[in-house]
Amino acid sequence: MRALEGALPKDRVLSKAADLLCYAYDATAGDEGRVPDVVVLPASTDEVACVVRIACDAGVPVYPRGAGTSLSGGAVPVRGGIVLSTAAMDAVLELDVANQCAVVQPGVVIQRLNDLAAEHGLMYPPDPGSVAVATMGGSIAECAGGLRGLKYGVTKHYVTGLEVVLADGQVVRLGGKSTKNVTGYDLVGLFVGSEGTLGVITEATVRLVPAPEARATMTAAFARSGDASRTVAAIVAGNVVPATLEFIDATTLRLVEEYTHAGLPVDAAAMLLIEVDGPPEAVAREADFVERVCREHHGEVERAADDEARERLWAARRAAYPALARQSRGTIVEDATVPRSRVPEMLAAIEDIARRYDLTIATVGHAGDGNLHPTVLVDPDDADLMERAHRAVAEIFRAALDLGGTLSGEHGIGSAKAPYLGWALGEGGLDLTRRIKAALDPQDILNPGKFTA
């Protein structure tokens, strides 16, 4: 403690019980958490490096933390030690319009970057549901995706440079503003999605893209959820790639409408929320195609009349998790992902698992890229319910893998999914992951208990 207080101003070294408790959890419901021994809020790369060197010398764990919005236990200090919050490192260091990129510190909130980029007709495409509070460092560490992932991809497609503090306190700079770079191993890619287990991100260079000229947003309500899922496959098969193609099931529709009063079709078995964007002529053509496909699959289609109606729909979609959380004492939010052609089968599997385990599982997700978010409503104090819920989650993972999918499309592995990582990677892949970790962090001090726990 004294070494940390000597390295940082005392007001950025937190040790009071009430302060520590705030950092014992992230947004992963049902996680028991672990109170850290101390929390530090460095304000520069040098301060981060100093903290990591102190931890390395003492063999103490360090848990990098952004806004704590992780849904996989990625920021939980499972072995005590030091939580290193990057909240104080929140500067947009450069907005380079000529090169369509930005240089940011890890504590920059994603929405703030987008607001600044919008002033120049640009945008940062990764768009997680927590975009208004999630930070760049955390989203890069988790390789966040979001609502625009179908057309624009995920975080790893936009990070071209990083500054990282390694486990021994060494500072390295990787990549830069160049959009093409095949010099040596893809070291930038190694750290994107590594969940703070290999290094602490202290600066990032990210690509920006021109904001679309036009958008068309619509909903399609279905009396049968199977029709909705088949519509997803038909739209993508028609070589039209919407910016967003979201699936919302009946349970979520009802609860979100109670929460937001957005005018959602609560009598529907499922709803798709779809947006196409681009040049006006292309938007008009693609919107007509999407609407026709929805109607062919028995969907009742309604287009947003103006920007206000559009924003109301997207606000309702982003409210899905808060709306579900109001209905129970806890939620387990997963993001099993399958090839998009297998979405109907995955949705059917989730419904079957919910019935067999007598659980309420509400499903929303980015159906266009196969990324579904089955959310189990639970009560942490009900041991039988929690046991059934965890068995159901394991079956959901197995179903996704059997359909050619994966454990996570955007939420990461963290501590919550670490026991299942071998299912997806196999022994060879798991061994390689452990070897990379051991090479870069031989003392296992950086976010231990994650990935290969």
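The values are calculated or read from the model by the stated rules, or taken from the named source; none is laboratory data. The structure presented is a predicted model; accordingly, all values stated were derived computationally and were not measured. Don't worry about glycine lacking a Cβ; one is built from the backbone with ideal geometry, like all the others, and counts go over all protein chains shown.
So in segment 332-362, with the set limited to residues that are of a type in the set (Ser, Thr, Tyr) and at pLDDT 95 or above, which one is surrounded by the most Cβ atoms within 10 Å (Cβ to Cβ)? Spell out the reasoning first.
The first filter runs over segment 332-362 and keeps only residues of a type in the set (Ser, Thr, Tyr), leaving 337, 341, 357, 360.
With at pLDDT 95 or above added as a condition, the list becomes 357, 360.
Working: TYR357: 18, THR360: 15.
If we take residues in segment 332-362 being of a type in the set (Ser, Thr, Tyr) and at pLDDT 95 or above, then TYR357 is surrounded by the most Cβ atoms within 10 Å (Cβ to Cβ).
Take the residues of segment 409-431 that are touching a strand residue (DSSP E or B) at 6+ places or on another chain (Cβ under 7 Å) and buried (at least 22 other Cβ atoms within 10 Å of the Cβ): which is nearest to GLY146 (Cα to Cα)?
Looking at the filtered set, the residue picked out is GLU410.
For (1) within 30 Å of ALA389 (Cβ to Cβ); (2) out of contact with any Asp or Glu (no Cβ under 9 Å at 6 or more places or on another chain); (3) of a type in the set (Gly, Ala, Ser), each residue gets a yes or a no:
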{"position": "LEU4", "(1), (2), (3)": "no, yes, no"}
{"position": "LEU8", "(1), (2), (3)": "no, no, no"}
{"position": "VAL13", "(1), (2), (3)": "no, no, no"}
{"position": "VAL52", "(1), (2), (3)": "no, no, no"}
{"position": "GLY73", "(1), (2), (3)": "yes, no, yes"}
{"position": "ASP96", "(1), (2), (3)": "no, yes, no"}
{"position": "VAL104", "(1), (2), (3)": "no, no, no"}
{"position": "GLY107", "(1), (2), (3)": "no, no, yes"}
**Prompt:** Mind checking which pairs have a first residue in segment 301-317 that is within 15 Å of VAL283 (Cα to Cα) and not assigned by TED's automatic domain parsing to the domain that holds MET218 and a second that is outside any helix (DSSP H, G or I) and modelled with pLDDT of 90 or more, Cβ under 9 Å, 6 or more apart or different chains?
**Reply:** none
**Item:** Check on LEU385, among the hydrophobic types (A, V, I, L, M, F, W, C) and assigned by TED's automatic domain parsing to the domain that holds ASN239
**Value:** no
**Request:** For SER341, work out the one condition from (1) of a type in the set (S, T, N, Q); (2) more than 18 Å from the chain's Cα centre (by Cα); (3) within 22 Å of LEU255 (Cα to Cα) it doesn't fulfil.
**Result:** (3)
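Which of the strands (runs of 3 or more DSSP E) found entirely inside segment 202-279 contain at least 2 residues meeting this: outside the structural domain of GLU163 (by TED's automatic domain parsing) and within 30 Å of GLY176 (Cα to Cα)? Spell out the reasoning first.
Details: elements: 214-222, 244-249, 270-278.
Ranges flagged: 270-278.
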**Request:** Evaluate the following for ALA141: is it free of Cβ contacts under 8 Å to residues at least 60 places away in the same chain and closer than 24 Å to VAL40 by Cα?
**Result:** no
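How many residues does segment 114-134 contain that are under 25 Å from GLY365 (Cβ atoms) and of a type outside the set (Phe, Trp, Tyr)?
Going residue by residue through segment 114-134, those that are under 25 Å from GLY365 (Cβ atoms) are 114, 123-134.
With of a type outside the set (Phe, Trp, Tyr) added as a condition, the list becomes 114, 123, 125-134.
Of the residues in segment 114-134, 12 are under 25 Å from GLY365 (Cβ atoms) and of a type outside the set (Phe, Trp, Tyr).
Output the strands (runs of 3 or more DSSP E) that fall wholly within segment 2-118 and possess 3 or more residues being modelled with pLDDT of 95 or more and within 30 Å of ALA416 (Cβ to Cβ), or say none.
Values: elements: 38-40, 62-65, 82-85, 92-96, 101-104.
Per the criteria, 38-40, 62-65, 82-85.
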